[in-house]
1. Does Gly86 satisfy the condition of being out of contact with any Ser or Thr (no Cβ under 8 Å at 6 or more places or on another chain), modelled with pLDDT of 95 or more, among the small types (Gly, Ala, Ser) and within 16 Å of the ligand (Cβ to nearest atom)?
2. Of everything in region 125-142, what is near the ligand (Cβ under 10 Å from one of its atoms) and either modelled with pLDDT under 95 or of a type in the set (A, V, I, L, M, F, W, C) (or both)? Give them in sequence order.
3. Quick one: what pairs do we get from region 107-131, first residue over 19 Å from Thr222 (Cβ atoms), second of a type in the set (Asp, Glu), C-beta under 9 Å, 6+ apart or different chains?
4. Just give me the residues in region 142-175 being of a type in the set (A, V, I, L, M), in contact (Cβ under 8 Å) with a residue 12 or more places away in the chain and within 20 Å of Ile97 (Cα to Cα), in sequence order.
5. Give all pairs with beta carbons closer than 6 Å in which a residue from region 1-25 that is assigned by TED's automatic domain parsing to the domain that holds Arg49 and among the β-branched types (Val, Ile, Thr) meets a residue that is at pLDDT 95 or above and part of a loop (DSSP other than H, G, I, E, B); count only pairs at least 6 apart in sequence or on separate chains.
6. When you go through Leu190, Leu94, Leu178 one by one, which is the residue that is part of a helix (DSSP H, G or I), away from the ligand (no atom under 13 Å from the Cβ) and of a type in the set (A, V, I, L, M, F, W, C)?
7. Taking the condition modelled with pLDDT under 95 and within 12 Å of the ligand (Cβ to nearest atom), does Lys3 pass?
8. Any chance region 139-158 includes a residue that's closer than 18 Å to Pro194 by Cα, under 18 Å from the mean Cα position of the chain (by Cα) and either in the same structural domain as Leu94 (by TED's automatic domain parsing) or surrounded by 14 or more Cβ atoms within 10 Å (Cβ to Cβ) (or both)?
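The values are calculated or read from the model by the stated rules, or taken from the named source; none is laboratory data. Owing to the predicted nature of the structure, the values given are computational and were not obtained by experimental measurement. Please note: Cβ atoms are built from the backbone with ideal geometry, for glycine as well, and neighbour counts cover all protein chains shown.
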Amino acid sequence: MDKAQLKAQVAAAAIERVAALHNDDLVLGIGTGSTAEAFIQLLGPLRARIDTTVSSSERSSTLLREMNIPVSDLNAVGEVDIYVDGADEANADLQLIKGGGAALTREKIVAGASRQFICIADESKLVPTLGAFPLPVEVIPMARSYVARQIVALGGQPVWREDVVTDNGNVILDVFNLLIDQPLTLEGQLNDIPGVVCNGLFALRAADELLLGTPDGVRSLTR
Ligand SMILES: O=C[C@H](O)[C@H](O)[C@H](O)COP(=O)(O)O
């Protein structure tokens, strides 16, 4: 099975989770990236049960609108019933690294506003310790060099993702060579640096369920 098939498989499993919810006025949180897009592609049959969606990127919003699925501002809805999104890395505690597609800030906001967060990924994303994938940090542009120096002091090697401006008008530093054995602590330390808008560690708001696509079928990990 190739990665696209594994992603389609977990996307279908996430659709089953959404279909099993009892309400018919669903408010869905929609993630960003290739796995989230596999999920969006399968939403058509559920359209009648969806009151609205809240999306974590302009790209996902466009895809949803193309399918005639409504997209709302988070401020216009209450709590989100369920959030479905991919990840760049996950550990067995369902803590994640996200932001490879630069959508981390809106993703963390929607995840925080959601009753349930289901993370979907192919099995290669599950790692014993987070940090092989460079950790994305969204930064206010004027603070880029200052924040980079503070990250070096924490032991990381930040690299400016020069070709990217986030949906919020900010820049991304990808931090290499961090062995993240204390995700909660590091998430807080990075947030405490003035100029950091958000970092891609999802430890405070980890996933509630991780669905992993494997050649033997979908594996589910829960907290
Ligand atoms: O900013 C992007 C997101 O965090 C994505 O969910 C993450 O990069 C995973 O993307 P993909 O499903 O394409 O591997």
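1. Numbers: out of contact with any Ser or Thr (no Cβ under 8 Å at 6 or more places or on another chain): no; modelled with pLDDT of 95 or more: yes; among the small types (Gly, Ala, Ser): yes; within 16 Å of the ligand (Cβ to nearest atom): yes.
No: the conditions fail for Gly86.
2. Residue satisfying the conditions is Phe133 alone.
3. From region 107-131, the pairs are Glu107/Asp85; Val110/Asp85; Ala113/Glu79; Thr129/Asp181; Gly131/Glu89; Gly131/Asp181.
4. Of the residues in region 142-175, the ones of a type in the set (A, V, I, L, M) are 142-143, 147-148, 151-154, 159, 164-165, 171-173, 175.
This time we only want the ones that are in contact (Cβ under 8 Å) with a residue 12 or more places away in the chain, so: 142-143, 147-148, 151, 154, 159, 164, 171-173, 175.
Matches in region 142-175: Val147, Ala148, Ile151, Leu154, Val159, Val164, Val171, Ile172, Leu173, Val175.
5. Short answer, once both residue conditions are applied: Ile15/Leu42.
6. Values: Leu94 fails: part of a helix (DSSP H, G or I); Leu178 fails: part of a helix (DSSP H, G or I).
Result of the check over Leu190, Leu94, Leu178: Leu190.
7. Values: modelled with pLDDT under 95: yes; within 12 Å of the ligand (Cβ to nearest atom): yes.
Against the criterion (modelled with pLDDT under 95 and within 12 Å of the ligand (Cβ to nearest atom)), Lys3 qualifies.
8. Yes, region 139-158 contains a residue that is closer than 18 Å to Pro194 by Cα, under 18 Å from the mean Cα position of the chain (by Cα) and either in the same structural domain as Leu94 (by TED's automatic domain parsing) or surrounded by 14 or more Cβ atoms within 10 Å (Cβ to Cβ) (or both).
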